[in-house]
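To start, the structure itself, in structure tokens.
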Amino acid sequence: MIIGFLGKGGSGKSSVSSQTAFFANQRKKPVLAIDADHNMDLSYNLSGGELPKVNYFSHSLSDLQRAVGLSDEEKYSEAFLRDNEVRFSLSPLSQQIADYSCVLNNGMRLMVAGPQTDNVLYGTHCSHSLTTPLKILLPLLNLQKDEVVIVDEKAGADGVSTGIVTGIDVGVIVLEPALHSIKAAKQIAELMDFYETPHVFVGNKITSSEDKDFIVSELGQEPAVFLMESISVKRNPSVLVPEWNDELQTLCEKVGECNQNNRLERTIEKFKRNHAFAHA
Ligand SMILES: Nc1ncnc2c1ncn2[C@@H]1O[C@H](COP(=O)(O)OP(=O)(O)OP(=O)(O)O)[C@@H](O)[C@H]1O
Ligand SMILES: [Mg+2]
């Protein structure tokens, strides 16, 4: 299952996605973690600050285009507008994933978008282009039942509007007990509804029952779980936090329950819809 972590800046996407990855890894599930944010917090958390040598996947677009039968000039969306039999997988490991990932000491596989490239810094490419390869990879990734893919997204609605959102099975929208964090979470949820991507909310950085009440009242519903403020998450984000154990278990169950297993169909539908809109 591919789980995408979204939410307002600083709400806790990288912390919660890192803990979920540690949790799944501890339960012997094969984990592919994808760091789609240029700040690389997920990568540093999962590697304990010692990121191994890795080819940033922001450079993988041509390889993926070639793999699905597209030329460099063709738009990635073409992969979903015509019949395309190519699929990627973790077992057996597709060459394109092997080439643009590393294996961490704890056994998890990690893909990293990487920092801004010269193309972005000199203004010839938009920074969103660094994660464009995911738009091909994620929808076409065939997973075994217990394989878990964790995607740590950029802050705010950016993670949705860049189009990766149909490539995830379920979105985890992380929010803190702050008005704008909850507002952003609702906006993200609306965008995900537009693409029919299932999602759950996580209320993070909870310090009191008033925090919980505030979230429920502003969000209009109970989040899937509440996560307490944790000193260890703050100071030592590279280890599994024992006090979140029950909540992470519940989160994984609730995420599993809303998975509709229709990722590729949703992506094809989305690109057909966008294509029809653009040519109307
Ligand atoms: N439950 C928590 N308890 C204590 N500190 C937390 C908790 N969750 C997150 N933090 C802290 O809040 C800050 C932001 O967390 P994090 O980097 O996970 O958020 P983010 O949404 O990924 O941010 P960004 O938008 O910059 O990527 C970090 O300093 C982190 O240690
Ligand atoms: Mg982050």
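The values are calculated or read from the model by the stated rules, or taken from the named source; none is laboratory data. What you see is a predicted model; the values in this text were computed from it and never measured. Virtual Cβ from ideal backbone geometry, glycine too; neighbours counted across all protein chains shown.
Check region 190-206 and report whether any residue there is outside any helix (DSSP H, G or I), within 16 Å of ligand 2 (Cβ to nearest atom) and aliphatic (A, V, I, L, M). Yes, the conditions are met somewhere in region 190-206. When you scan region 48-59, do you find a residue that is within 16 Å of ligand 2 (Cβ to nearest atom) and touching a residue at least 60 places away in the same chain (Cβ under 8 Å), even just one? Yes, there is a match, as at least one residue in region 48-59 is within 16 Å of ligand 2 (Cβ to nearest atom) and touching a residue at least 60 places away in the same chain (Cβ under 8 Å). Consider Leu81 against the criteria (1) within 13 Å of ligand 1 (Cβ to nearest atom); (2) more than 15 Å from the chain's Cα centre (by Cα); (3) not charged (D, E, K, R): it satisfies all of them except one. Which criterion is unmet? Going through (1) within 13 Å of ligand 1 (Cβ to nearest atom); (2) more than 15 Å from the chain's Cα centre (by Cα); (3) not charged (D, E, K, R) one by one, Leu81 breaks only (1).
Out of the residues in region 1-51 meeting the condition of being of a type in the set (Lys, Arg) and either assigned to a loop (DSSP other than H, G, I, E, B) or more than 15 Å from ligand 1 (Cβ to nearest atom) (or both), tell me which one is nearest to Ile150 (Cα to Cα).
To start, the set of residues in region 1-51 that are of a type in the set (Lys, Arg) comprises 8, 13, 27-29.
Filter again for either assigned to a loop (DSSP other than H, G, I, E, B) or more than 15 Å from ligand 1 (Cβ to nearest atom) (or both), leaving 8, 27-29.
Numbers: Lys8: 18, Arg27: 15, Lys28: 15, Lys29: 12 Å.
Applying the filter and picking the extreme gives Lys29.
Of these, Ala276, Ala280, which one is assigned to a loop (DSSP other than H, G, I, E, B) and away from ligand 1 (no atom under 14 Å from the Cβ)? Result of the check over Ala276, Ala280: Ala280.
The single condition among (1) within 16 Å of ligand 2 (Cβ to nearest atom); (2) in contact with a Cys (Cβ under 8 Å, 6 or more places away or on another chain) that Leu42 does not satisfy is (2). Across region 119-132, the qualifying residues are those that are within 16 Å of ligand 1 (Cβ to nearest atom) and either over 22 Å from Leu6 (Cα atoms) or polar (S, T, N, Q) (or both), and the one among them that is surrounded by the most Cβ atoms within 10 Å (Cβ to Cβ) is Thr131.
Taking the criterion of being surrounded by fewer than 24 Cβ atoms within 10 Å (Cβ to Cβ) and polar (S, T, N, Q), the residues of region 133-180 that qualify are Asn142, Gln144, Ser161, Thr162.
Please verify whether Ala67 is touching a residue at least 24 places away in the same chain (Cβ under 8 Å) and either among the aromatic types (Phe, Trp, Tyr) or closer than 20 Å to Val165 by Cα (or both), treating the condition exactly as stated. Walk me through it before giving the result.
Numbers: touching a residue at least 24 places away in the same chain (Cβ under 8 Å): yes; either among the aromatic types (Phe, Trp, Tyr) or closer than 20 Å to Val165 by Cα (or both): no.
No; evaluated as a whole, the condition is false for this residue.
Residues that are assigned to a helix (DSSP H, G or I) and touching a residue at least 60 places away in the same chain (Cβ under 8 Å) within region 108-133 comprise Ser127, Ser129, Leu130, Thr131, Thr132, Pro133, listed in sequence order. Scanning for something of a type in the set (S, T, N, Q), within 16 Å of ligand 2 (Cβ to nearest atom) and either over 28 Å from Ser129 (Cα atoms) or modelled with pLDDT of 95 or more (or both), does region 231-246 turn up at least one residue? Checked against the condition, which is being of a type in the set (S, T, N, Q), within 16 Å of ligand 2 (Cβ to nearest atom) and either over 28 Å from Ser129 (Cα atoms) or modelled with pLDDT of 95 or more (or both), region 231-246 yields at least one hit. Looking only at residues of region 135-173 that are in a strand (DSSP E or B) and away from ligand 1 (no atom under 16 Å from the Cβ), we find that the one that is farthest from the chain's Cα centre (by Cα) is Asn142.
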